[in-house]
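Taking it in order: structure first as structure tokens, then the write-up.
The values are calculated or read from the model by the stated rules, or taken from the named source; none is laboratory data. These figures come from a predicted structure and were not determined experimentally. Quick reminder, even Gly has a Cβ in these numbers, built from the backbone with ideal geometry, and neighbours come from all protein chains shown.
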């Protein structure tokens, strides 16, 4: 794109009049195109969208590539797209550590595919270079020697974004069996080209250190781009500062709090209120693990007391009501604090219903069902095979109601639930067996990164609930918008990263632990036949999956920083903030008459003990010193006896009804 | 059904015999034209052409409705605030109740945290026995939960005749209980067969909002509803119901003040939860727009918790739910503080004592806003003002019904009576009436309490101390019948689970990757209550990290055959 931009600028004269604009070298303000969803002028000829003008953030990463532009100059024949829409600044974001990408300088042409974005589908060819989509359109003029892929009319979709994974997550001195390499390979094999992992710092430890540790692990091993959520496991002022620097400097815009895991991660309502307030001010997304930890603790004790120690105790002690209750509470807190809320792992009908009701009432809340809740149910907890039952243990648990997956797929299709994660967090049977005598000790997590896209295709698109555009939205685009990575990720457009998938709608796969790419011995979808699978996966401009063969290289994944205030969530929040400010004005005006009332106070005894006040901790307790009464008054019998107390100033109107 | 001997003497002295003629007897299930004969405070006969002794006082009902006297299940006539009692004590308050057609109240005993429940109960009973003009019973509020409370609760239920206890989800740092304590309280009260009353508001968030609102410089009564938005009420109602479902315990929500809270109750009932909702006079007849009144005293008079909803369509909505049975009982939440007492909070709305009037107006407004509007029929009117309360609190059929053997608490109700509510004409000692100026259709013509006429064509003839304490037994059918069956169901479930135990033990534990030093902090579930058997911790003696710890590929370590050779354990069954 870089060299194209240069070339275009030189040949401005050749540009059709209707496309030429004064000052094309400048960044174009995004409003000129009417937002990301509208077509740019001329888009129908070339199917290009001016990408750079639409980007927000990410500018800082451009400078290192100034040199690349010159050496990539040769491809200047591309003239069939509107040059005016291409700005000279390119968008290739390559960090210093990826020299091999530049060396290879992979160029790819996908021919004859049907591009499916979340808003529209159309037939066009795609030309990619340097990990970025350079051209979209028919009859592209591309340099010779480019590798060409025939899509044969198959769908070409933006690579999936798995917004919820736990790869290489430490647990009691061990860690999940899928590390960043294994896990991202599984993701790629399923058509997911970006993951967002959760950083879980130990309660009491530094969030920043945790973040750096995760970065290190992921940089070393990840095979695809990644971003990170940070979980807030405790709350105080220093954590507050760390959250701020994570938002401002480290590229993290989403933070998870826990309403469960009592005495470990669980935070109180007041703490959650403070966190949400803080995130709302600084443009973060508040993610919440919604389950009522207090009641769970009680129920767990009860189950163990009853002698239920197997995995079925897990689901019995965490009934879906407790999930729904916590979701309701989280929604309430978020709406009080005017902070966008993201509910991770929507596992049950009732929790999903609460979310969709809240959305209908106008709350800014996003729900994330996971692969497991969309693809299977909780009846397996009662399996006679302990290892199998234990492999389904995750929190909130899968609902034993077998109609749940269907229901969640419906809500996903209707837009009430927004994105699909996998919550991929795999433990071996041996690790799960830590809890063989006590279900509360079973490490929690299910697989799903690899199966995620196919499960949705099979359960929602094939069944006719969802169209292919919505499929793209829930697997990729919405996640990109929430993370503020759109349209760099989550869209096939000129300037977007070349993370894309050729989706074979006819493929049928049988899921089994024997062939999956995860290291887990068990697959919770074992034996399930799923229609729809990726035929070819392009990640960072390279083919990583072709003909069933995975060519992924550990360490090629880049950390993608997410900037705060994603429009998708914050546009409404910002507007509401202004409304809230306006609302406060008339209240303030009322102050005056209240204070004038002081001489009237006669009822209170001066010996007001702090204990007796139903509202503790008043900010100002003026009356305690102001009143010097000579003791408690006799309880009055009739109103007539003591009806109107004339204050010194004679304000008789104060007790009359106005 | 007979009054206790001690109380009888007072009643017998009057030995009043009454016959109510020509009225239409309206119970919650049917209406019929019948005469009612009352002797010794008990209804002796109901029917036409009764044969009664001579010299009996006759009341001509002239076709008016004869209904069971109202039961007001939520009053606070002795709840002190900062050491001062409310201006309506048991005398003043019950007088107002009788004037409005209510012949029984259930008052809240509100001990301070740390105070003994029993002592508080006795204090209340003493005061009420001295002053009350009508029969009464008591709810006990549990200020905080600890082991010692349990004994007192047991005694109260078994010996003192109390079957309802209130817990608070609001008033942080004072009465509020965290969820785990609520769970314990619910579990314990359920075993006792008591009804759990819940003050449902999210106290944590209220505390945050209050300091925020005060920080913004808003100190007047409007800060009260602003800091307690109805969402917080709905959230707490939802949580209380969830707890009730988990514990399998009936839940009674006191003071349903907002649409969303009422809707939450209604939805839960549709899902089968055993939950009852109690709107109060204030939430049924007025709204929270008055908090913004320029007159501080007026605005403060409306302060109660949860606050009245500023949404003016709320009363209508609550009446609709009441009519269709989604809400069951109307209380008054009567807790009267004078303007000077309210002024304790003149510079800080959080200090304004909370409470509104409503005991006198309660029945009138339900008639005016629901029956006269055509939402509700007269039988349902009887149900929500009297019968349902009697059933939930196990007073039925002694109270809440006109039938032979029931107490002679009878009201002759005139649907056409029109009254304008004003503080000048009320029985309450308050300077302010929050319903001031409202016109109310329907009201009592005669009120008979304990077989005596106490209200006759506008004149009240009451005597302090005639009210009796009515003791109530635990396990009211309307709440507990379903609970009992569900308990049985749940027991069955437990059995089938127990059967599963065996196979679990057969699993060969081969924790290859586990280093033997599991730090307590890293497990998401370690701090759960200690497991009963923790055999594996001592059984494993691994020598530290294993050499293949870092090789997560499945092929390398797939089947770790235990000594017994159970290869089927990792195959999918």
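Determine whether residue B:113 is within 14 Å of chain A (Cβ to nearest Cβ) and within 25 Å of residue B:430 (Cα to Cα).
Taking the combined requirement at face value, the residue does not satisfy it.
When you go through A:423, A:390, A:433 one by one, which is the residue that is on the phi > 0 side of the Ramachandran plot, buried (at least 21 other Cβ atoms within 10 Å of the Cβ) and within 14 Å of another protein chain (Cβ to nearest Cβ)? Every option except A:423 fails the conditions.
Which pairs do you get when a residue that is without any contact (Cβ under 8 Å) to a residue 40 or more places away in the chain, found in region B:461-485, comes within reach of a residue that is surrounded by 14 or more Cβ atoms within 10 Å (Cβ to Cβ), reach meaning Cβ atoms under 7 angstrom, with the pair 6+ apart or on two chains? Taking only residues 6 or more apart or on different chains, the pairs are B:461/B:454. Region B:274-339 holds helices (runs of 4 or more DSSP H) entirely within its bounds, and those carrying 3 or more residues that are in contact (Cβ under 8 Å) with a residue 12 or more places away in the chain and away from chain A (no Cβ under 14 Å) map to B:281-285, B:314-324.
Here residue A:229 fulfils each of the conditions (1) closer than 30 Å to residue A:329 by Cα; (2) within 13 Å of another protein chain (Cβ to nearest Cβ); (3) crowded, with 21+ Cβ neighbours inside 10 Å apart from (2).
In the condition set (1) surrounded by fewer than 24 Cβ atoms within 10 Å (Cβ to Cβ); (2) more than 21 Å from residue B:273 (Cβ to Cβ); (3) in contact with a strand residue (DSSP E or B) (Cβ under 7 Å, 6 or more places away or on another chain), residue B:476 is compliant with all but (2). When residue A:223 is tested against (1) buried (at least 21 other Cβ atoms within 10 Å of the Cβ); (2) within 11 Å of chain B (Cβ to nearest Cβ); (3) in a loop (DSSP other than H, G, I, E, B), just one condition goes unmet, and that condition is (2).
Every condition in (1) surrounded by 24 or more Cβ atoms within 10 Å (Cβ to Cβ); (2) farther than 30 Å from residue A:150 by Cα holds for residue A:416 except the one numbered (1). Those strands (runs of 3 or more DSSP E) of region B:380-484 in which at least 3 residues are modelled with pLDDT under 95 and within 30 Å of residue B:298 (Cβ to Cβ), considering only elements entirely within it, cover B:410-420, B:439-449. Taking residue B:29 as meeting all but one of (1) at pLDDT below 95; (2) buried (at least 24 other Cβ atoms within 10 Å of the Cβ), write down the number of the exception. Of everything listed in (1) at pLDDT below 95; (2) buried (at least 24 other Cβ atoms within 10 Å of the Cβ), residue B:29 misses just condition (2).
Quick check on my filter: what residues within region A:174-188 are buried (at least 24 other Cβ atoms within 10 Å of the Cβ) and either free of Cβ contacts under 8 Å to residues at least 60 places away in the same chain or touching a strand residue (DSSP E or B) at 6+ places or on another chain (Cβ under 8 Å) (or both)? Hits for region A:174-188 are A:178, A:180, A:183, A:184, A:185, A:186, A:187, A:188.
Listed here are the residues, each with its yes/no results for (1) within 19 Å of residue B:257 (Cβ to Cβ); (2) at pLDDT below 90.
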residue: B:294; (1), (2): no, yes
residue: B:298; (1), (2): yes, yes
residue: B:313; (1), (2): yes, no
residue: B:323; (1), (2): yes, no
residue: B:327; (1), (2): yes, no
residue: B:334; (1), (2): yes, no
residue: B:347; (1), (2): no, yes
residue: B:367; (1), (2): no, no
residue: B:373; (1), (2): no, no
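If we keep just the residues of region A:277-297 that are facing chain B (nearest Cβ under 10 Å) and more than 19 Å from residue A:393 (Cα to Cα), which is nearest to the chain's Cα centre (by Cα)? Taking the candidates together, the pick is A:277.
Quick grid of which residues meet (1) surrounded by fewer than 24 Cβ atoms within 10 Å (Cβ to Cβ); (2) without any contact (Cβ under 8 Å) to a residue 24 or more places away in the chain; (3) in contact with a helix residue (DSSP H, G or I) (Cβ under 8 Å, 6 or more places away or on another chain):
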| residue | (1), (2), (3) |
| --- | --- |
| B:141 | yes, no, no |
| B:151 | yes, yes, no |
| B:169 | no, no, yes |
| B:175 | yes, no, no |
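Taking the stated definitions as given, is residue A:337 within 13 Å of chain B (Cβ to nearest Cβ), in contact with a strand residue (DSSP E or B) (Cβ under 7 Å, 6 or more places away or on another chain) and over 22 Å from residue A:118 (Cα atoms)? Judged against the criteria, residue A:337 is not a match. Looking across A:307, A:251, one residue alone is more than 13 Å from chain B (Cβ to nearest Cβ) and surrounded by fewer than 24 Cβ atoms within 10 Å (Cβ to Cβ). It is A:251. Counting only helices (runs of 4 or more DSSP H) that fall entirely inside region B:72-167 and contain at least 3 residues that are more than 21 Å from the chain's Cα centre (by Cα) and under 24 Å from residue B:341 (Cβ atoms), the qualifying elements are B:90-99, B:117-131.
The set of residues in region A:547-575 that are touching a residue at least 12 places away in the same chain (Cβ under 8 Å) and outside any loop (DSSP other than H, G, I, E, B) comprises A:550, A:559, A:567, A:568, A:569, A:570, A:572, A:573. If you check residue A:320 against the conditions, is it touching a residue at least 40 places away in the same chain (Cβ under 8 Å), touching a helix residue (DSSP H, G or I) at 6+ places or on another chain (Cβ under 9 Å), surrounded by fewer than 24 Cβ atoms within 10 Å (Cβ to Cβ) and more than 8 Å from chain B (Cβ to nearest Cβ)? Considered against the rule, which asks whether it is touching a residue at least 40 places away in the same chain (Cβ under 8 Å), touching a helix residue (DSSP H, G or I) at 6+ places or on another chain (Cβ under 9 Å), surrounded by fewer than 24 Cβ atoms within 10 Å (Cβ to Cβ) and more than 8 Å from chain B (Cβ to nearest Cβ), residue A:320 comes out as yes. Pairs are defined by a Cβ separation below 6 Å, a sequence spacing of at least 6 or placement on different chains, a first member in region B:211-233 that is at positive phi, and a second member that is in a helix (DSSP H, G or I) and surrounded by fewer than 23 Cβ atoms within 10 Å (Cβ to Cβ); the pairs so defined are B:217/A:588. Among the residues of region B:32-68, not one is at positive phi, assigned to a strand (DSSP E or B) and surrounded by fewer than 13 Cβ atoms within 10 Å (Cβ to Cβ).
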